[in-house]
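First the structure, in the form of structure tokens, and then the observations on it.
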Amino acid sequence: MKQKLEELQQKLHEYTINSSEDLENFRLKYLSRKGLMNDLFEEFKQVPNEMKRDLGKLMNVVKTSVQEKFDEATEKFKSDKIENTNSNIDYTLPAETTELGSRHPLNITENQIVAIFTKLGFTIAEGPEIENDWHNFSALNFPPNHPARDMQDTFFIDEEIALRTHTSSVQVRLMQQKNPPLRAIMPGRVYRNEAISARANCFFHQIEGIYIDKKVSFADLKQTLYAFVKDMFGEEVEVRFRPSYFPFTEPSAEMDISCQICKGKGCNICKHSGWVEILGCGMIDPNVIENCGIDPEKYTGFAFGMGIERITMLKYDVKDLRTFFINDTRFLKQFSNL
Ligand code: PHE
């Protein structure tokens, strides 16, 4: 046995471990359960007691050598591995941060508009996007053959049901549900069967508002809208009203503001007029008030409606409406600090 141990010690000297594969072979050969060291310990048990002292010492030397060789090689290949895989990493560089999302520009504008009208005492009302003919058209004085009811403009689901073409349908629902005084705004998505272009999309967003009480006048309407645009676009903004027509308001008007892009000098956005239209409005037609179960002899009211895309385009000089819907993060990132 002594000779065996001495030979082994010699072999260990010559054994070279050059790779992690060699290392694993070495472990299997010497250190595993069926390996040489275990065999030797088994054999040692049979050695007569008087020889155990000397042989024991030698056994320990061999055992330590095997262990040392194994530990040394393990260390070597462990550090090799780390160096190989991570050699390009500069640990002094700042870490890559995860990008935070930001609000969509249309949400930013909607929140601003909502905040302004909330200050003026308006509450918020919502209604369904899939709407019946009565709420979207009939109750609002649209005659049966009105062009807006045409398949060209409206996405019909069947004869009676369509995707709402404006948020005015929520006006109707609110008037049916609650008694005046009513003062509310209705933000929401609306749908129109339009060819998609830089200025039009098949869906967009509106905010509509109504105020119904005793003795509400056109002066109240103008004052409310003045307060809104000054808060939204700044004190210097100029405003004008033009007579217009909507089936559900009488009289009706459209409101223009001085072009925020060229400040009234004339540019492509305002078609060189210095003015841009931002909303429709008017005194709610007594017929509509009556249709919704409110006494038009007792109450009057005004309504207004605007497109959120349009206001956002004017405020931030966005030239193409489609950019709001294609989710290009290069575009959206520009609004991340607002
Ligand atoms: N509903 C109208 C539209 O979609 C806007 C509007 C609302 C006009 C309220 C007047 C009063 O064009």
Check your understanding: What is the percent of Cα-Cα separations in region 193-263 that go past 16 Å?
Key -> 64
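Could you tell me the number of lysine pairs in region 257-326 with C-alpha atoms less than 25 Å from each other, where the two lysines are 8 or more residues apart or belong to different chains?
Numbers: 263/271; 263/315; 263/319; 265/315; 265/319; 271/315; 271/319.
For region 257-326, the number of qualifying lysine pairs is 7.
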Study note, to complete from the structure: Two pseudo-spin positions, 7 Å from Cα along C-beta at residue 333 and at residue 120, lie apart in nanometres by 3.7
Review point. Can you work out the base-10 log of I(q)/I(0) for region 2-87 at q = 0.21 1/Å, using the Debye formula on its C-alpha atoms alone?
Key: -0.99
Review point. What is the Cα convex hull volume of region 1-146 when expressed per residue in Å³?
Key: 383
Check your understanding: When the helices in the chain are scored as -39500 (n - 2.57) per DSSP H run of 4 or longer and the sum is shared across all residues, what 222 nm value do you end up with, to the nearest 500 deg cm²/dmol?
Key -> -12000 deg cm²/dmol
Practice item. For residue 215, go through the aspartates and glutamates and keep the ones whose alpha-carbon is under 19 Å away, minus same-chain ones fewer than eight residues off. Key: 250, 285, 290, 295, 297
Check your understanding: Using alpha carbon centroids, what distance separates region 47-76 and region 174-195, in Å?
Key -> 90
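Over the chain, consider all pairs of different Cα atoms and compute the Kirkwood hydrodynamic radius from their mean reciprocal separation; express it in Å, one decimal.
Working: mean 1/r = 0.0376 Å⁻¹.
Evaluated on the chain, it is 26.6 Å.
By per-residue mean of other Cβ atoms within 10 Å, what is the highest-first order of 129-142, 260-273, 299-312, 109-122?
Values: 129-142: 19.1, 260-273: 14.6, 299-312: 22.4, 109-122: 16.4.
In decreasing order of mean packing, 129-142, 260-273, 299-312, 109-122 become 299-312, 129-142, 109-122, 260-273.
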Exercise for review: Calculate, in nm to one decimal, what residue 179 and residue 32 gain on full extension: separation in residues at 0.36 nm each, minus their alpha carbon distance.
Suggested key: 44.1 nm
Practice item. Compute the normalised compactness of region 156-284: alpha-carbon radius of gyration over 2.2 N^0.38 Å, N being the residue count. Key: 1.19
Exercise for review: List the lysines whose Cα lies under 29 Å from the Cα of residue 11, skipping any in the same chain that are fewer than 8 positions away.
Suggested key: 2, 29, 34, 45, 52, 57, 63, 69, 76, 78, 81
Practice item. Rounded to whole Å and sorted largest first, list the principal axis extents of the Cα atoms in region 252-338. Key: 53, 32, 21
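Each reported figure results from applying straightforward, stated rules to the coordinates on display, with no laboratory input. Small disclaimer: the values here were computed from a predicted structure and weren't measured. Please note: Cβ atoms are built from the backbone with ideal geometry, for glycine as well, and neighbour counts cover all protein chains shown.
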